[in-house]
Amino acid sequence: MQRSVSSLSLSPSVKMKLVNAGFQFTADLLHLKPLQLSKEASLTQQEALEVLQTVRREGGGGDEGGGGGGAAAAAASASLTALELLQKEEEMKSIVTFSSQLDAALGGGLPVGKTTEICGAPGVGKTQLCLQLAVDVQVPQCFGGVGGQVVYIDTEGSFLLQRVVDIAAAAVQHCSLLVEDDEQRVAMETFTVETILSNMFLVRCHDYVELLAEVHLLPDFLSEHPRVRLLVIDSVAFPFRQHFDDLSQRTRLLNGLAQQLIAMATGHGIAVAMTNQMTTRLSGGGQSQLVPALGESWGHAPTIRLLLHWAGSRRMAAIFKSPDHRGATVQYQITSEGFRDAGQSEQPPSKRPRTQSVEPAGSQRDASR
Amino acid sequence: MATRILKRTGVSHDMCEQLKRHQIESCKDLLSLSAVDVMHVAGLSYQKASVLLQSVSKAVAPPVTTALELWKQQSCFSTSLPALDKLLRGGLPCGTITEVTGPSGCGKTQMCLMLSVLATLPKSEGGLESSVIYIDTESAFSAERLVEIAQSRFPDYFSSKERVLQMAGRVHLFRELTCQDVLNRLDRLEEDIISTGAGLIILDSVASVVRKEFDTTLPGNLMHRSNLLGHEASTLKYLAHQFNIPVVLTNQITTHVGSKVDPGFVTAALGNTWSHSVNTRLIVQYVDAHQRQILIAKSPVAPFAVLNYTIEKQGICIDGDDSRESLYEGTDPGLQPIRVQTGFNYNLNTSTDCTD
């Protein structure tokens with residue numbers, strides 16, 4: 001199959017010179033030497049060399065031939081069979097959320113190697129779930145965890161250390177109660193609140209440019225820190241919901257961001273969790289509805305979408321996009337120890353704090369003294 | 001860092017000139033393009049364009065730390081209300097936005113005045129030992145009340161007139177009456193923070209100017225208002241984080257119109273998007289003519305909790321002892337119903353009530 005010269009990843013001026021000199025397809029260039037090419041197409045010698053190297057690398061591999069990625073891309077484009085993929089997927093573990101119902105609905109937990117979006121109304125627990133995952137990813141392998149580090153990109157300023165310490169302490173205590181053999185005992189020595197905190201890499205981004213810049217640099221960071229198994233972005237929505245006059249530019253940038261995150265998830269074997277906000281959509285007739293923010297096209301970016309919402313005073317988690325599992329809704333709660341199943345109380349009833357009912361406006365009780 | 005000019009990031013002079021021809025001068029302009037666009041604009045091959053993007057990203061990206069390092073730095077601003085501090089695990093968290101919202105006359109400005117006094121106290125007394133930047137949009141700030149709270153709450157410390165004057169001199173008041181004024185003030189606030197050595201920013205209130213100028217029933221206004229509020233929120237979060245100081249805002253209430261089946265209810269103003277933007281939301285509401293309550297409606301560290309309080313000469317006073325925690329069944333902080341004053345205390349012979 002002939003490949004046209006204009007589809008190569010060269011600079012536009014070089015391509016134009018080649019086309020003007022009459023070279024239409026890569027086949028025309030295959031047998032040339034640099035000096036001859038530079039004379040015929042009036043390119044510099046450096047440019048001619050670059051052209052020939054690109055042609056050999058990309059033009060020779062058939063239709064697939066890697067994009068701009070270079071040699072690695074050409075090698076990786078060899079196809080995989082579904083059987084090989086099945087074996088790979090079985091090795092990839094999931095990150096537990098400590099809520100057994102949610103883990104069951106997700107098929108073990110948050111999948112590694114895929115991108116997951118967590119969207120929800122304010123205050124429902126998105127950041128809490130992210131903090132829980134950031135601690136859970138570090139649970140040692142002998143306890144059924146992944147034993148990895150985490151990169152936490154905070155764009156909203158909700159990463160509060162006191163809360164992380166609480167969740168980490170609860171996780172450490174939970175695991176120490178499960179210790180059965182020596183291997184686990186040894187693992188507990190390195191699973192403490194201090195080590196948990198030292199394995200969390202924290203970045204605070206104030207706007208979308210800083211976020212994009214950080215994501216550009218992440219592949220190198222991940223290569224230098226091969227133990228990272230989770231990337232959390234809390235939240236993707238906040239920086240992209242202001243300062244944008246041109247919404248089509250926003251869509252393009254979000255798509256680019258999504259592609260990079262998917263590439264990192266599969267290429268480096270990490271789980272990516274992103275939180276999203278809700279926005280009010282006015283439909284005809286003055287009715288308004290809460291829908292996930294960032295637009296319809298963003299919905300295609302994450303592989304799995306979790307929607308956390310309120311049902312009165314109960315918190316519910318619904319899976320509404322997943323290629324593997326049916327949409328399911330489970331109830332959860334946020335306790336002082338973190339993200340847990342609803343109805344699960346570790347304290348005996350007498351120790352639970354007194355619950356006072358707060359009456360809403362227009363209430364029945366007479367306000368006069 | 002996004003507005004950093006390309007020339008100063010180590011990009012070659014020729015490349016800068018070339019990009020300038022396409023109106024790309026700052027890092028933000030370059031990073032807002034996709035890699036293919038950069039190829040066309042810079043006239044480079046895909047690989048070289050990626051390298052350019054990488055080097056510009058390095059100049060813009062914020063530093064990576066670990067949570068352990070953060071443990072040594074972060075702190076809280078104690079509110080001098082032990083029950084509230086205990087629930088909030090120390091006080092108002094520095095580097096975040098705390099919102100106080102509720103019906104009029106319930107005590108929001110009183111809370112702001114009390115926090116202003118606290119911030120100027122030395123660290124030995126539980127303060128931040130710094131100045132306060134108070135942006136007032138409702139002209140509700142009362143210097144006399146500030147002094148009264150100081151002298152009643154800390155009579156020993158403020159026994160001498162000198163100390164009172166010194167405290168008053170550290171509260172910097174800015175009166176801004178339109179949205180644009182508020183935005184301009186926030187954009188220039190960095191300089192004010194550095195020159196005054198501020199440790200607390202108060203904006204009382206966010207809602208009043210915005211609701212005056214934006215009628216959300218008109219088309220396009222809702223989006224405009226959301227953009228404005230988003231801009232304010234991100235500027236305040238940036239300042240809060242960079243200087244590691246707390247930011248306190250006040251908000252108003254609005255009626256959430258119900259459908260035919262259920263009646264409407266009163267809730268915090270400024271909508272759902274704004275509820276996402278604040279980190280902590282404290283709701284003040286009425287129980288009856290004297291008794292009021294603070295609800296912790298949204299917090300990254302505290303559960304839904306309710307505390308009873310009254311307003312006295314020395315500011316906010318929380319009733320009851322601190323050992324019991326009162327929780328309530330909460331819901332979405334943007335939809336939490338708020339109890340308003342349903343009757344008025346016309347009997348003025350009883351103890352004087354201090355409403356703001």
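Within the range B:175-215, how many residues are exposed (fewer than 15 other Cβ atoms within 10 Å of the Cβ) and either over 20 Å from residue B:141 (Cα atoms) or not charged (D, E, K, R) (or both)? Outline the logic, then answer.
Keep residues of the range B:175-215 that are exposed (fewer than 15 other Cβ atoms within 10 Å of the Cβ), which gives B:175, B:177-178, B:180, B:184, B:187-188, B:190-191, B:194-195, B:197, B:212-213, B:215.
Now restrict to residues that are either over 20 Å from residue B:141 (Cα atoms) or not charged (D, E, K, R) (or both): B:177-178, B:180, B:184, B:187-188, B:190-191, B:194-195, B:197, B:213, B:215.
Number satisfying all stated conditions: 13.
Put simply, of A:124, A:146 the only residue that is buried (at least 22 other Cβ atoms within 10 Å of the Cβ), β-branched (Val, Ile, Thr) and over 14 Å from residue A:199 (Cβ atoms) is A:124.
Check every one of the helices (runs of 4 or more DSSP H) wholly within the range B:1-47 and list those with 3 or more residues that are closer than 22 Å to residue A:50 by Cβ.
Working: elements: B:13-20, B:27-31, B:35-42.
Filter on the range B:1-47 gives B:13-20, B:35-42.
Being at pLDDT 90 or above, under 24 Å from residue A:316 (Cα atoms) and buried (at least 21 other Cβ atoms within 10 Å of the Cβ), is that true of even one residue in the range A:190-207? Checked against the condition, which is being at pLDDT 90 or above, under 24 Å from residue A:316 (Cα atoms) and buried (at least 21 other Cβ atoms within 10 Å of the Cβ), the range A:190-207 yields no hits at all.
With respect to (1) at pLDDT below 85; (2) assigned to a helix (DSSP H, G or I), the lone exception for residue A:68 is condition (2).
Go through the range B:196-260 and tell me which strands (runs of 3 or more DSSP E), entirely inside it, have 1 or more residues that are closer than 12 Å to residue B:270 by Cα.
On the way: elements: B:198-204, B:247-251, B:253-256.
So the answer is B:247-251, B:253-256.
Inspect all residues belonging to the range A:208-225 and state whether any of them is over 30 Å from residue A:330 (Cβ atoms), assigned by the TED database to the domain that holds residue A:105, at pLDDT 90 or above and not in a helix (DSSP H, G or I). There is at least one residue in the range A:208-225 that is over 30 Å from residue A:330 (Cβ atoms), assigned by the TED database to the domain that holds residue A:105, at pLDDT 90 or above and not in a helix (DSSP H, G or I).
Regarding residue B:236, is this residue surrounded by fewer than 22 Cβ atoms within 10 Å (Cβ to Cβ) and either touching a helix residue (DSSP H, G or I) at 6+ places or on another chain (Cβ under 8 Å) or among the acidic types (Asp, Glu) (or both)?
Working: surrounded by fewer than 22 Cβ atoms within 10 Å (Cβ to Cβ): no; either touching a helix residue (DSSP H, G or I) at 6+ places or on another chain (Cβ under 8 Å) or among the acidic types (Asp, Glu) (or both): yes.
No; evaluated as a whole, the condition is false for this residue.
Number of residues in the range A:185-207 that are within 8 Å of chain B (Cβ to nearest Cβ) and either touching a Ser or Thr at 6+ places or on another chain (Cβ under 8 Å) or within 26 Å of residue B:60 (Cβ to Cβ) (or both): the value is 11.
Matching residues to (1) within 11 Å of chain A (Cβ to nearest Cβ); (2) of a type in the set (Phe, Trp, Tyr); (3) surrounded by 20 or more Cβ atoms within 10 Å (Cβ to Cβ):
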position: B:34; (1), (2), (3): yes, no, no
position: B:63; (1), (2), (3): yes, no, no
position: B:81; (1), (2), (3): no, no, yes
position: B:89; (1), (2), (3): yes, no, no
position: B:95; (1), (2), (3): yes, no, yes
position: B:110; (1), (2), (3): no, no, yes
position: B:123; (1), (2), (3): no, no, no
position: B:129; (1), (2), (3): no, no, no
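Residue B:57 meets the conditions (1) within 8 Å of another protein chain (Cβ to nearest Cβ); (2) under 23 Å from the mean Cα position of the chain (by Cα); (3) small (Gly, Ala, Ser) in every case but one. The failed one is (2).
Residues checked against (1) in contact (Cβ under 8 Å) with a residue 24 or more places away in the chain; (2) away from chain A (no Cβ under 14 Å); (3) touching a strand residue (DSSP E or B) at 6+ places or on another chain (Cβ under 9 Å):
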| position | (1), (2), (3) |
| --- | --- |
| B:194 | no, yes, no |
| B:203 | yes, yes, yes |
| B:219 | no, no, no |
| B:223 | no, no, no |
| B:245 | yes, no, yes |
| B:251 | yes, no, yes |
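Could you please let me know if residue B:303 is over 20 Å from residue A:124 (Cα atoms), assigned to a loop (DSSP other than H, G, I, E, B) and not β-branched (Val, Ile, Thr)? Spell out how you get there, then give the answer.
Numbers: over 20 Å from residue A:124 (Cα atoms): no; assigned to a loop (DSSP other than H, G, I, E, B): yes; not β-branched (Val, Ile, Thr): yes.
For residue B:303, the condition - over 20 Å from residue A:124 (Cα atoms), assigned to a loop (DSSP other than H, G, I, E, B) and not β-branched (Val, Ile, Thr) - is not met.
What residue, of A:159, A:143, is under 15 Å from residue A:202 (Cβ atoms) and not charged (D, E, K, R)? So that I can check it myself, show each step before the final result.
Numbers: A:143 fails: under 15 Å from residue A:202 (Cβ atoms).
From the options A:159, A:143, the qualifying one is A:159.
Of all residues in the range B:287-304 being within 19 Å of residue B:340 (Cα to Cα), surrounded by fewer than 23 Cβ atoms within 10 Å (Cβ to Cβ) and of a type in the set (A, V, I, L, M), which is farthest from the other protein chains (Cβ to nearest Cβ)? Ranking the qualifying residues of the range B:287-304, first place goes to B:287.
The values are calculated or read from the model by the stated rules, or taken from the named source; none is laboratory data. Small disclaimer: the values here were computed from a predicted structure and weren't measured. Please note: Cβ atoms are built from the backbone with ideal geometry, for glycine as well, and neighbour counts cover all protein chains shown.
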